[in-house]
Structures are given as structure tokens and as C-alpha cells.
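**Q** Structure incoming, see below.
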Amino acid sequence: MSELKRIGILINGGDAPGLNAVIRAIIKTARVHGVESYGFIEGFKGLVENNYMLLEGNPVASGIIQKGGAIIKSSLNTNVFNYKVVNEDGTVEYKDLSDVCVQNLKDDGIDCLFMLGGDSTQKAARDLSLKGIKVIGVPKTIDNDVACTDVTFGFNTAVSVATDALDRLHTTAETHNRIMTLEVMGRYAGWIALESAIAGGADVALLPEIPYDLDKVVETINDRKKRGKNFSVIVVSEGAYPKGGSFCIKDKREGGAGVINVQLGGAGESVAKALEEITGMTARNTTLGYMQRGGTPTATDRVLCTKYGAKAMELALEGKFNVLTVLKDGKLNSIPLEEVVGNNKEIGAVEGGTEESNMRTIKMDDDLIKTARDIGICLGD
């Protein structure tokens with residue numbers, strides 16, 4: 001068993017249902033073994049500024065398994081290897097503050113840092129491990145796109161929210177003979193769109209993995225009309241795009257290298273508008289947005305989060321560092337962060353969605369794809 005005295009917990013990236021449940025599981029497992037738990041406030045920002053709090057015995061960390069959000073908050077679009085610094089004169093520059101983070105962890109006596117996050121976070125975890133920090137990753141993202149694990153926590157809740165939205169949109173679509181599109185999250189991977197489409201009885205699912213042909217969608221709508229179905233429900237991933245086209249970009253920002261500087265948005269509205277012009281039917285779009293990320297986690301996610309948190313702490317106690325906690329074939333395990341990173345080897349280049357990244361996207365031989373096709377869901381191809 002590893003001799004641990006203090007562990008730190010850090011969250012990076014967008015919030016996801018179940019973050020507090022993971023934190024709770026780590027704290028409880030650590031307490032059983034006499035290990036103190038600390039949380040860095042606002043993720044990488046807290047790590048840079050050495051801003052943390054004791055979690056064990058803290059009232060803030062009590063009764064949190066059902067709470068959405070995160071009691072220690074999270075950093076967003078932050079890269080400690082290229083950190084945004086605003087000088088006194090108002091000028092902005094980007095600095096590599098990773099060594100500051102390393103020194104802070106050493107000064108604080110943190111024996112292991114748990115990093116809760118997605119593809120980019122686990123890349124940063126690998127990069128910090130190369131600087132001598134003992135880290136353990138826990139896969140968090142509602143997009144379900146972290147490599148080497150079957151499922152990430154927060155995904156089940158997001159799918160449940162999207163499915164509930166589809167149930168509601170169905171009634172309006174049928175009542176008014178409309179086309180209703182639902183835009184869901186999924187920048188590079190269409191897991192939310194595909195699973196919610198199956199669960200919510202959608203007629204079309206447009207995914208980032210399959211550039212869509214709008215004529216195929218129109219064919220599906222017309223076929224339904226011939227069968228007396230004068231309405232259609234369509235799920236659109238935010239990262240879906242037409243053949244020969246590109247992503248719908250809502251906004252751009254300057255956050256420096258290594259973070260996502262493009263905000264997607266408008267894919268659902270674009271599809272709805274085009275279909276209305278082609279079919280003559282009224283088409284309306286609903287964008288779920290942050291509704292998918294916030295609020296109470298499902299029971300499934302609460303259990304998954306507890307399993308992930310407890311397993312992550314077990315790995316630390318066993319001295320198995322620089323790994324990602326994973327669920328493979330129904331069993332908890334771990335995998336080296338080097339394998340999670342894949343070909344994205346450059347230190348500090350943490351942005352996901354590149355050719356070098358190792359994100360888990362939907363393959364065309366996946367059972368979900370086959371199921372969708374079997375029951376007649378159009379995938380735009």
C-alpha cells in the first residue's frame with residue numbers, strides 16, 4: 001500500500017452531473033484509510049494561485065451526492081502550460097505556469113492529485129505527471145468522448161434530459177404537424193444525440209461522425225407523410241455538419257493556445273430553417289444547451305460516480321499513479337495516461353479534437369449505429 005497523507009482534487013472543463021458524487025466517494029474512501037482530502041478551488045486557477053480547502057469534515061462537503069455543479073468549482077478554457085495573465089497595465093500575456101503548480105503541490109504536501117475532466121484534462125494530467133506529479137484521472141464529460149473507457153460520468157444524465165425534451169417536443173410536433181429539431185451537445189462525438197434519438201423515438205439523428213445529406217433527411221420526412229405521419233422529430237449534435245460544409249460557429253474567443261477558442265452553436269437552427277424552406281412545413285428548433293450539464297444526476301450516474309471515485313482512491317492507495325480510472329466491459333480498471341493521450345504527445349498542447357488526440361467517437365460498426373438503422377432512424381447518409 002502507498003503511504004499517502006494528503007490528496008488533492010481538481011476539476012477542469014465544463015460542469016457535469018455527478019462531480020460532487022465523485023468528490024464524495026474520494027473523500028469517504030480516503031477517510032477510511034486516514035488520508036486527508038483537499039480541493040483546489042476553480043480547478044487550474046486554484047492550482048496556480050494555491051487556493052484550496054480541506055474537504056474532510058467540511059460542512060460544504062456534506063450531503064452532496066444529489067447536488068449538481070461542484071462544491072470546489074471548475075476551471076474552463078484554462079491551460080497552465082499557457083496561462084492567461086493580465087498585467088497591471090491591462091496588457092495580456094500567456095505564460096507557462098506549470099512549474100508554479102508543481103511547486104505549490106510540493107509545498108502543500110499533496111501526495112496525489114485527482115483530476116476530474118475530459119480529453120483535454122487528461123492530456124494535462126499526463127503532462128503534469130511528466131513533471132513528477134503523481135496524478136490519477138477520472139473521466140468526466142457529458143459528451144462521453146474520453147478514450148479508453150466505456151462511459152464517462154454525467155453522460156447518462158445528459159441523455160435522460162435530452163430524452164425528456166424529445167418526449168415533450170413530440171407532443172407539439174404531432175399537434176401542429178411540425179418538424180421539431182433538438183440541438184444537443186456533442187462537439188466531436190454524437191453519443192448524446194444517438195442515444196437520446198433511440199430512447200426518445202426520434203426520426204432523424206445527425207452526428208459529427210457522419211456529414212449529413214439534407215436530401216436524405218427530406219426523404220425520411222416525405223416517407224413519413226406518405227404513411228400519415230405529418231410531423232417529424234430530429235436530434236442534431238452541435239458538431240453536426242453537412243457534406244462539404246463545416247461546423248456552425250456561434251462565437252470565437254482568444255484564450256490562447258491549448259484551449260478551445262471556438263464556441264459551436266446553431267446547427268439545429270440551420271437544419272430547421274433549411275428543412276422549412278425545402279418541405280414547406282413549419283420547423284422549429286430547441287437548443288438544450290446548459291440544461292444537459294446542470295442539475296441533479298440520475299441514480300445511474302450517482303452509482304457510476306461513486307464507483308469511479310472509490311476506485312480512483314483505491315488506485316492511489318495501491319501506488320498506481322499516472323493512470324485514468326476506467327470502466328471496461330463492465331469492470332473497473334485503470335489505464336496509463338500515455339495510452340489515453342495517444343499521439344497527442346506535445347507537452348502543454350491540451351486542446352482536444354485534433355488529429356493527434358485520442359477521443360472516443362462513434363464507429364460505424366457500433367451496435368448503437370446498427371440499432372438506429374434497424375429501427376429506421378435516418379442518420380443523414
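The values are calculated or read from the model by the stated rules, or taken from the named source; none is laboratory data. Keep in mind that what you see is a predicted model, and the values were worked out from it rather than measured. Using ideal geometry, Cβ is built from the backbone for each residue, glycine included, and neighbour counts are taken over all protein chains shown.
**Q** Just to be sure, is residue 43 surrounded by fewer than 23 Cβ atoms within 10 Å (Cβ to Cβ) and either over 20 Å from residue 109 (Cβ atoms) or not β-branched (Val, Ile, Thr) (or both)? Break it down stepwise before answering.
**A** Numbers: surrounded by fewer than 23 Cβ atoms within 10 Å (Cβ to Cβ): no; either over 20 Å from residue 109 (Cβ atoms) or not β-branched (Val, Ile, Thr) (or both): yes.
No.
**Q** When you scan the range 185-237, how many residues do you find that are assigned to a strand (DSSP E or B) and small (Gly, Ala, Ser)?
**A** Quick first cut of the range 185-237, residues assigned to a strand (DSSP E or B) only: 204-206, 212, 232-237.
Add one more test, that the residue is small (Gly, Ala, Ser), and what stays is 205, 232, 237.
Result for the range 185-237: 3.
**Q** Considering (1) part of a helix (DSSP H, G or I); (2) closer than 30 Å to residue 231 by Cα; (3) out of contact with any helix residue (DSSP H, G or I) (no Cβ under 6 Å at 6 or more places or on another chain), say which one residue 314 fails and leave the rest.
**A** (2)
**Q** Please give the number of the condition residue 225 fails out of (1) without any contact (Cβ under 8 Å) to a residue 12 or more places away in the chain; (2) loosely packed, with under 14 Cβ neighbours inside 10 Å.
**A** All conditions are met except number (2).
**Q** Filter the range 124-182 down to residues that are in contact with an Asp or Glu (Cβ under 7 Å, 6 or more places away or on another chain) and free of Cβ contacts under 8 Å to residues at least 60 places away in the same chain, then give me how many there are.
**A** Residues meeting the conditions: 1.
**Q** Let me ask you something else. Could you look through the range 228-259, keep only residues that are among the polar types (S, T, N, Q) and modelled with pLDDT of 95 or more, and pick out the one that is nearest to residue 91 (Cα to Cα)? Break it down into steps so the answer makes sense when it comes.
**A** First pass over the range 228-259, keeping only residues among the polar types (S, T, N, Q): 230, 232, 237, 246.
Narrowing further to those that are modelled with pLDDT of 95 or more: 230, 232, 237.
Numbers: 230: 58, 232: 52, 237: 37 Å.
The selected residue is 237.
**Q** Which condition number does residue 320 fail, the rest of (1) part of a helix (DSSP H, G or I); (2) among the basic types (Lys, Arg); (3) closer than 22 Å to residue 151 by Cα being met?
**A** Every condition holds for residue 320 apart from (1).
**Q** Yes or no: residue 182 under 25 Å from residue 299 (Cβ atoms) and touching a Gly at 6+ places or on another chain (Cβ under 9 Å)? Please lay out each step first, then the result.
**A** Values: under 25 Å from residue 299 (Cβ atoms): yes; touching a Gly at 6+ places or on another chain (Cβ under 9 Å): yes.
The answer is yes for residue 182.
**Q** Continuing with the same structure: Filter the range 168-184 down to residues that are assigned to a strand (DSSP E or B) and of a type in the set (A, V, I, L, M) and give me whichever is farthest from residue 265 (Cα to Cα).
**A** We begin by selecting, within the range 168-184, every residue assigned to a strand (DSSP E or B); these are 179-184.
Pick out the ones that are also of a type in the set (A, V, I, L, M) and you get 179-180, 182, 184.
Working: 179: 19, 180: 17, 182: 12, 184: 10 Å.
Looking at residues that are assigned to a strand (DSSP E or B) and of a type in the set (A, V, I, L, M), I get 179.
**Q** Only one residue in 108, 96 is touching a residue at least 12 places away in the same chain (Cβ under 8 Å), among the acidic types (Asp, Glu) and closer than 22 Å to residue 27 by Cβ. Which one? So that I can check it myself, show each step before the final result.
**A** On the way: 96 fails: closer than 22 Å to residue 27 by Cβ.
Testing whether each residue is touching a residue at least 12 places away in the same chain (Cβ under 8 Å), among the acidic types (Asp, Glu) and closer than 22 Å to residue 27 by Cβ leaves just 108.
**Q** Listed residues 306, 282, 325; which is more than 17 Å from residue 144 (Cβ to Cβ), assigned by TED's automatic domain parsing to the domain that holds residue 18 and hydroxyl-bearing (Ser, Thr, Tyr)? Show your work before the answer.
**A** Values: 282 fails: assigned by TED's automatic domain parsing to the domain that holds residue 18; 325 fails: more than 17 Å from residue 144 (Cβ to Cβ).
It is 306.
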